[in-house]
């Protein structure tokens, strides 16, 4: 039921423009997968589109280049705003021309990107903003 | 600045060979009286909610002295949890809104990668805490799709029964808190009172009032209790009567109508652009319901209507929730008469743990029990995105499996997270007193937003 399309990062923005013209009104989900030490290139961006008029879904997966930079699609789909900020926050993917690419879920002075596979889970000291230094 | 960078190096929690670069850890919002460090045309437009349809207007006679930035939350009862809003006011009119979220972030997607598929629902059920069954259902559906299995009919029907009752209880909370925000305190008492009936049934069936972990990959955890028909019949009898009371109290009430009509308008175009789904989309005139369009768990065999309103204001979003409760009860009534006998779990030894009794009799059962409770079951490689219609909209679950017993990546598309982006649209250019009504009408659950 969901069409999976794999494309290159260079074609990504153009493909999204085409999808928008084809009647995919909604961008419902945008997330990334970290294939650390499993696949090369390491990061994959997965974007789900929904056409409510045609009752169809399309899933774009983009293998990101090493500089982890990809054009933002907020200008086409305003709903991508929070999702791209989340992907930036959790994976460190840079979205070019995003209006406000800041951390969304983690504190704004957090170090690291938690959903990367090389970011350990558990036993991480909780970082507090402007906390006094304890030796 | 340099000192901060040294601290970073000292922290010893990086995995080896990490590819993290240097980090700028200066704070951006400490004592700031600006909405953002750098503001350009696009961000301002988004905060004004005018990037899709430009209905923004400025009254010239309000001077700059009247502009102020107000911080709402995160500790504010009418923001439905720990939602923080930075609001720019001009006199009493809201001009710009910047939602700030993340106060309830607990890293559930990261946790989901550590739990196996059998334990997965315990994690996802805690995301949207007002509709836990939907979270369990969407995770289970995704896992089953990867496994390529079909659950028995009784299990599918129990799932529909529980989720539709859950939709009723969730909408009742939305009505209750929505009423409370506007000052209709009786509505709050009423809503929570009726929800209690349903939660009692949930407790009887699953053992818990919320966070049930009842719907699991392969079926449901337990069969329905004895005499469950009577409990459901009671719910079906009592709730419609009480809903009539609400209508008597509120529907023709001039104060209620005055507070809600023509407030917080979302057009169809804005809904589609911002990815707003669920009751809010249907209140804006688009009849889109995943239960009809992309049915799951056998819901297509039941008859129900999808209420649609054209107005797209807070009143329509309130009204549609009341009508959806009636439709959900219609489905529950049909499930009541259509509950086949049989297994409530899939009879696959690799997926369903054997009953306790079998462990004393069979070595094979003991092995399967041990395997499932320690390692879990393995799921074939692949990626899948499944959706269900939760009370707040499209709830999706994206799972990538690498063939092991734990999801390689588990992502939940929470409807509240996406719907929250429409807050600037519904709040801008309206008085601050209408802001809380507008927030309540979108019904965000912060557990679902932050995950």
Suppose each label sits 7 Å from its Cα in the direction of the beta carbon; what would the residue B:114-residue B:244 distance come out to in nanometres? 5.3
Among B:139, A:49, what is the fewest-to-most ranking by other Cβ atoms within 10 Å? A:49, B:139
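Report the far tail of the P(r) of the range B:198-337, meaning the percent of Cα-Cα pairs longer than 20 Å. Display every interim value, and only then the final one.
Working: 5854 of 9730 pairs.
Looking at the range B:198-337, the distances longer than 20 Å represent 60 percent of pairs.
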Take the range A:64-113, compute every pairwise Cα distance, and split them into 5 Å bins from 0; I just need the percent in each bin. 5, 23, 32, 22, 14, 3, 0
For the residues B:319, B:193, what sequence is obtained by ranking on other C-beta atoms within 10 Å, fewest first? B:193, B:319
Quick P(r) readout (the range A:2-96; Cα-Cα; 10 Å bins; whole %) gives 16, 54, 26, 4, 0
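Evaluate the relative contact order of the range A:2-96 (contact order divided by residue number), counting alpha-carbon pairs under 8 angstrom at least 6 apart; express in whole percent.
On the way: 169 pairs, mean separation 30.0, N = 95.
About 32 percent, as a whole number.
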Cα-based Rg of the range B:348-399 normalised by 2.2 N^0.38 Å, two decimals: 1.66
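Using the Kirkwood formula over every pair of different C-alpha atoms, what hydrodynamic radius in Å results for the range B:340-451? Don't skip to the end; give the middle numbers.
Numbers: mean 1/r = 0.0556 Å⁻¹.
So the Kirkwood estimate lands at 18.0 Å.
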Looking at the protein assembly as shown, I'd like the Rg to Rh ratio, where Rg is from alpha-carbon atoms and Rh is Kirkwood's inverse mean 1/r. 0.96
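Multiplying the sequence separation of residue B:363 and residue B:310 by 0.36 nm and subtracting their Cα-Cα distance, what value in nm do you get? Mind dumping the intermediate values first?
Details: separation 53, 0.36 × 53 = 19.08 nm, distance 6.26 nm.
Computed gain between residue B:363 and residue B:310 is 12.8 nm.
What average count of beta carbons from other chains do you get within 10 Å of the Cβ of residues in B:288-295? Could you put the intermediate results ahead of the total?
Values: counts 6, 0, 2, 0, 1, 3, 5, 0.
Mean number of neighbouring Cβ atoms from other chains: 2.
Given a cut-off of under 8 Å on Cα pairs at least six residues apart, what relative contact order in percent is computed for the range B:116-182?
Numbers: 32 pairs, mean separation 20.0, N = 67.
It rounds to 30 percent for the range B:116-182.
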Over the range B:109-193, volume per residue of the alpha carbon convex hull, in Å³: 100
Sorted by average packing, counted as other Cβ atoms within 10 angstrom per residue and highest first, what order do B:363-376, B:158-171, B:422-435, B:197-210 take? B:158-171, B:422-435, B:197-210, B:363-376
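Over 19 Å, how big is the tail of the calculated P(r) for the range B:157-237, in percent of all Cα pairs?
Numbers: 1297 of 3240 pairs.
Value for the range B:157-237 (Cα pairs over 19 Å): 40 percent.
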How crowded by other chains is A:77-90, given as the mean number of beta carbons from other chains within 10 Å of each beta carbon? 5
Over chain B, what is the relative contact order in percent, taking alpha-carbon pairs closer than 8 angstrom and at least six residues apart? 23
Hydrodynamic radius by Kirkwood, which averages 1/r over all alpha carbon pairs of chain B, in angstrom: 23.8
Degrees separating the helix A:9-21 axis from the principal Cα axis of chain A, which is the longest one: 50
When DSSP beta bridges are limited to those with both residues in the range A:2-96, what percentage is antiparallel, rounded to the nearest 5? 65
Roughly what angle does helix B:314-336 make with the longest principal axis of chain B, taking Cα atoms, 0 to 90 degrees, to the nearest 10? 10
With angles folded into 0 to 90 degrees, how steeply does helix B:153-182 sit against the dominant principal axis of chain B? Use alpha carbons for both and round to 10. 20
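Rounded to the nearest 5, what is the percent of antiparallel bridges among the DSSP beta bridges in the protein assembly as shown?
On the way: 49 of 58 bridges.
Looking only at bridges with both residues in the protein assembly as shown, the antiparallel portion is about 85 percent.
All of the numbers you see were taken from the coordinates with simple rules; none came from a lab. Since this is a predicted model, take the numbers as computed values, not measurements. Here the Cβ is made from the backbone with ideal geometry for all residues, glycine too, and neighbour counts use every protein chain on show.
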